[in-house]
């Protein structure tokens with residue numbers, strides 16, 4: 001009959017008693033990340049390759065598919081950030097085009113009209129236009145003209 005050697009007692013970071021001691025070793029710095037980047041993926045890939053079952057190794061096409069999927073995800077994330085920045089810039093440009101113009105803003109079924117005296121950003125980084133001392137979103141503008149409409153006057157009354 002054969003005997004089985006005991007399992008080694010190598011400390012791992014999943015053991016709370018050992019985690020603090022391991023964190024002090026060089027190369028075991030613990031940094032909490034919300035998003036993984038490409039270097040993180042490569043570390044995971046290298047670890048996966050080093051620890052795979054030698055009797056049934058993962059195919060190289062699987063690794064390539066994982067890398068491709070990760071790259072696509074990273075590129076989509078970058079594209080979303082770029083698109084958001086473009087939208088903010090475009091929104092501010094449209095607000096600037098209204099500067100000095102007579103506009104009508106409709107918010108919650110209430111119309112306000114006047115000349116846009118300034119443009120800027122609110123506390124959330126969203127573009128705003130100012131009519132007098134009130135701020136409005138450029139998306140609420142329903143009409144723009146270069147001058148205020150002429151006051152409607154009644155035709156003169158002719159007396160006999």
task = Tell me the Kirkwood hydrodynamic radius of the range 36-96 in angstroms, computed as one over the mean inverse distance between distinct C-alpha pairs.
result = 14.3
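How do 128, 105 line up, fewest other C-beta atoms within 10 Å first? Spell out each step's value before the answer.
Working: 128 19, 105 22.
Ranking 128, 105 by Cβ neighbours within 10 Å, fewest first, gives 128, 105.
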ask   = Taking the Cα-to-Cβ direction at residue 37 and at residue 137 and moving 7 Å from each Cα, how far apart do the two end points lie in nm?
value = 3.4
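Since every read-out is calculated from the coordinates, none of them should be taken as a lab result. All of these numbers come straight from a predicted model, not from anything done at the bench. All Cβ positions, glycine included, derive from the backbone under ideal geometry; neighbour counts span all protein chains shown.
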